[in-house]
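Right, one structure below, let's go through it.
The values are calculated or read from the model by the stated rules, or taken from the named source; none is laboratory data. Keep in mind it's a predicted model, so treat the numbers as computed, not measured. In this analysis, Cβ positions are derived from the backbone assuming ideal geometry, glycine residues included, and neighbour counts consider all displayed protein chains. Please note that ligands, DNA and RNA were not included when accessible areas were found on the heavy atoms of the full protein model with its side chains. Shrake-Rupley method; radii C 1.70, N 1.55, O 1.52, S 1.80 Å.
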Amino acid sequence: QVQLVESGGGLVQAGGSLRLSCAASGRTFTSYAMGWFRQAPGPAREFVANISRYGASTYYADSVKGRFTISRDNTKNTMYLQLNSLKPEDTAVYYCAAVPSTLSYSAQNVYYWGKGTLVTVSS
């Protein structure tokens, strides 16, 4: 079992930045690749980014590439998502997830979920 807790969401103006954190407890953090997904009202939960177990590989959705950066600190059992140049369409609840590998882009293929943190970008 892994418990994941997100933090860092909030209200920001378009063009601004936020840093999300995901604190993990339970099983060894390095047992899992990790990812971020997001869900706006209505649509399905969508892939944002993921990172390999030791941080060597990262992957991003095209919609966030060049603006968001995923990272992890295995000494702190924490994963991060730096969100820059935010747009109103980035408004969503952001979820942290433990995933099988960095080839996992589907919300159907997740081991564990956090409860999410809301990011709201005003225009």
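Can you pull the percent of the chain's accessible area that's carbon plus sulfur, 1.4 Å probe, other chains left in place?
Working: 2980 of 6150 Å².
With neighbouring chains kept in place, the figure for the chain is 49 percent.
If you take the beta carbon distance between ARG19 and GLN108 as r and set R0 to 22 Å, what does 1/(1 + (r/R0)^6) give as a FRET efficiency, to the nearest 0.05?
The value I calculate is 0.20.
Calculate, for the chain, the solvent-accessible area per residue in square angstrom, rolling a 1.4 angstrom probe over the heavy atoms of the protein chains.
Per-residue accessible area for the chain comes out at 50 Å².
Around ARG27, which amide H atoms from residues at least 5 apart in sequence, or from another chain, sit under 5 Å from its own amide H, with H modelled in the peptide plane?
VAL2, GLN3
Full extension from ALA56 to SER122: what is 0.36 nm times the residue separation minus their Cα-Cα distance, to one decimal in nm?
20.4 nm
For the chain, what does the alpha-carbon gyration tensor say about shape, rounded, prolate or oblate, given a ≥ b ≥ c as the root eigenvalues, a/c under 1.5 as rounded, and a/b over b/c as prolate?
Verdict is prolate for the chain.
Pop the C-beta distance of THR69 and SER31 into the FRET formula with R0 = 35 Å and round what comes out to the nearest 0.05.
0.90
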